[in-house]
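Accompanying notes for the structure given below.
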Amino acid sequence: MAEINYSELLKSCRIDSKTEFKDDNIYLSHQNNIIGTSGNFVTFTGLPGASKSTFIAGVIASGIARTEIFGFNALTYPHLKKTRIALFDTEQTGHDYKRKERLIKTLSGVQNIYKNLDVYTVIEHSASNILGMINEYLTKTPQCAILIIDGILDCIESMNDEQQAKRLIKIIRKWAKKHDVLIITVLHLGKKDLTAIGHIGSASTRYCQSELEVSKTNNNTYKLTPKKLRSSGHFEPIEIMYSDIEKTFIKL
């Protein structure tokens, strides 16, 4: 192993009055609040069945249609040259994914959603292989602006292994910075304390740029609540519901 030159390493990390910072591209906002920028990651959390995937579909649809959906604006800024969105789905089978596909088409009003969307269902693959495929995709697809991992638990062998959790979050942060992308992860909450489960949940909450919690209400609506916003102010929770008239989800 090559000896590390800590003197050079220290110089590379130094910040002074001459240091120039490149502005982060805003890839995701909500009601004019910054949610996610290039080089960062965002986490959607919620109990199983809370309809996290519905809000994820809204984010994707917003990026495809370049319009506000459920309060989200994705890839709507004119200076952006990176136009692709990627979804790595670790939980849904092809049959279940087709429902999400139909929802994205309905919300966006676009039938050819795959013009700017890459989808991979990786439910049967190991954690290491999923990470390998994501790394390969990012390396070969510099046009990608937003990469979604639904859900992140399948990218780790043990959610309660602290070292594995730290390593995974470090990999995600490295990807985001190296490839100039926003990474969105989806993570379950524990039923007892309603916090993101395991060491992976703790690490994700600590290092993410934003954490948005999705919950189901007693009125059969679904609520999005900001739990952590590092780059903007607070916004009021929003609710959506399924409309039998419009045959899709609508914002209340």
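In this simple spin-label model, placing a label point 7 Å from the Cα along the Cα-to-Cβ direction at both N32 and M241 gives a separation of 2.8 nm.
At 1.4 Å probe size, with the rest of the protein present, what percent of the exposed accessible area of region 1-60 is carbon and sulfur atoms? Don't jump to the answer; show the numbers that get you there.
Values: 1910 of 3650 Å².
C and S fraction of accessible area: 52 percent.
Look at the alpha carbon pairs under 8 Å that are at least 6 residues apart: their mean separation over the length of region 186-250 gives a relative contact order of 19 percent.
Between Y207 and L252, full extension at 0.36 nm per residue minus the direct alpha carbon distance yields a gain of 13.1 nm. In plain terms, the C-alpha convex hull of the chain casts an average shadow of 16.0 nm² when viewed from every direction. Relative to the dominant Cα principal axis of the chain, helix 198-207 is inclined by about 70°.
Which whole-number percentage describes the relative contact order of region 1-68, with Cα contacts under 8 Å and a sequence gap of 6 or more? All intermediate terms of the calculation are to be shown ahead of the outcome.
On the way: 24 pairs, mean separation 9.2, N = 68.
For region 1-68, the relative contact order is 14 percent.
Taking the Cα centre as origin and putting +1 on Lys and Arg beta-carbons and -1 on Asp and Glu beta-carbons, what dipole magnitude results for the chain, to the nearest 20 debye? Rounded to the nearest 20 debye, it is 400 debye.
Take the Cα of E136, go 7 Å toward its beta carbon, and none of the backbone nitrogen atoms of region 169-200 fall under 18 Å from that spot.
Mean sequence separation of contacting Cα pairs (under 8 Å, at least six apart), scaled by the length of the chain, corresponds to a relative contact order of 24 percent. For region 3-52, the set of trypsin sites (Lys or Arg not before Pro) satisfying both a DSSP loop assignment and a count of at most 16 other C-beta atoms within 10 Å is given as R14, K18, K22.
Applying both filters, DSSP loop and at most 13 other Cβ atoms within 10 Å, to the chymotrypsin sites (Phe, Trp or Tyr not before Pro) of region 169-252 eliminates every site.
In region 79-181, which trypsin sites (Lys or Arg not before Pro) fall in coil by DSSP and have 16 or fewer other Cβ atoms within 10 Å?
Working: sites: K81, K82, R84, K98, R99, K100, R102, K105, K115, K140, K166, R167, K170, R173, K174, K177, K178; in loops: K81, K82.
Of the trypsin sites (Lys or Arg not before Pro), the ones in loops of region 79-181 whose Cβ has at most 16 other Cβ atoms within 10 Å are K81.
On full extension, the segment bounded by S231 and K98 gains 44.5 nm, given 0.36 nm per residue less the C-alpha separation. Taking R0 as 45 Å, what FRET efficiency do you get between D16 and Y114 from their Cβ-Cβ distance, rounded to the nearest 0.05? Calculated value: 0.45.
Provide the FRET efficiency to the nearest 0.05 for the N5-Q163 pair, computing r from the beta carbons and using R0 = 22 Å. Step by step, r from the Cβ atoms, then E = 0.25.
The charge dipole of region 45-131, taken about the Cα centre with unit charges on the Cβ atoms of Lys, Arg (+1) and Asp, Glu (-1), comes to about 360 debye, rounded to the nearest 20. Among the listed pairs K100/K227; K177/K247; K98/K192; K22/K223; K177/K227, those whose Cα-Cα separation exceeds 30 Å are K177/K247; K98/K192; K22/K223. Calculated [222 nm] ellipticity per residue, helices only, for the chain: -10000 deg cm²/dmol; basis is -39500 (n - 2.57) per DSSP H run with n ≥ 4, divided by all residues, nearest 500. When both region 24-89 and region 195-252 are represented by their alpha-carbon centers, they are found 12 Å apart.
The values are calculated or read from the model by the stated rules, or taken from the named source; none is laboratory data. What you are looking at is a predicted structure, and each value in this text was computed from that prediction instead of being measured. As a convention, Cβ positions derive from the backbone with ideal geometry for all residues, glycine included, and neighbour counts pool all protein chains shown. Note: accessible area is taken over every heavy atom of the protein model, side chains too, but ligands, DNA and RNA are not part of it. Shrake-Rupley method; radii C 1.70, N 1.55, O 1.52, S 1.80 Å.
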